[in-house]
Amino acid sequence: MEPLLKFLAQEWMSHIIWALGQNNALRFAEIRRALPGSISARVLSARLKSLEGKGFVIRCDLSENVRHVEYSLTAEGQALDAELRRSEAFSHARYGQVLARSAGE
């Protein structure tokens, strides 16, 4: 489990999966706009290549005359997105309890 957690801990990884999970497919600029904050084109490109290399994202070249590339989650990426969403629900449900315990220490 540690290799996956280290992979996801890289800046923007979970955000990119999250954004793609909310959409069927997104173009590069659409992904940038969907992310919370400012990510450079170089970093986003590197993260997408890494996600593609691990089998979580698929890059689809739809260009005829004009370059048109879309990114979407693979079945593995969709499964990971579902797990991230479950983790979010867990954290929302338990966050208050964790804060209360932390304040008591």
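The values are calculated or read from the model by the stated rules, or taken from the named source; none is laboratory data. The structure displayed is predicted, hence computed values, not measured ones. Please note: Cβ atoms are built from the backbone with ideal geometry, for glycine as well, and neighbour counts cover all protein chains shown.
Return the only residue of E64, E88, E76 being modelled with pLDDT of 90 or more and either over 19 Å from I31 (Cα atoms) or out of contact with any Leu (no Cβ under 8 Å at 6 or more places or on another chain) (or both).
Just a single option satisfies the conditions, and that option is E76.
Which condition from (1) aliphatic (A, V, I, L, M); (2) in contact with a helix residue (DSSP H, G or I) (Cβ under 9 Å, 6 or more places away or on another chain); (3) within 28 Å of M1 (Cα to Cα) is the one that V69 breaks?
Among (1) aliphatic (A, V, I, L, M); (2) in contact with a helix residue (DSSP H, G or I) (Cβ under 9 Å, 6 or more places away or on another chain); (3) within 28 Å of M1 (Cα to Cα), V69 violates only (3).
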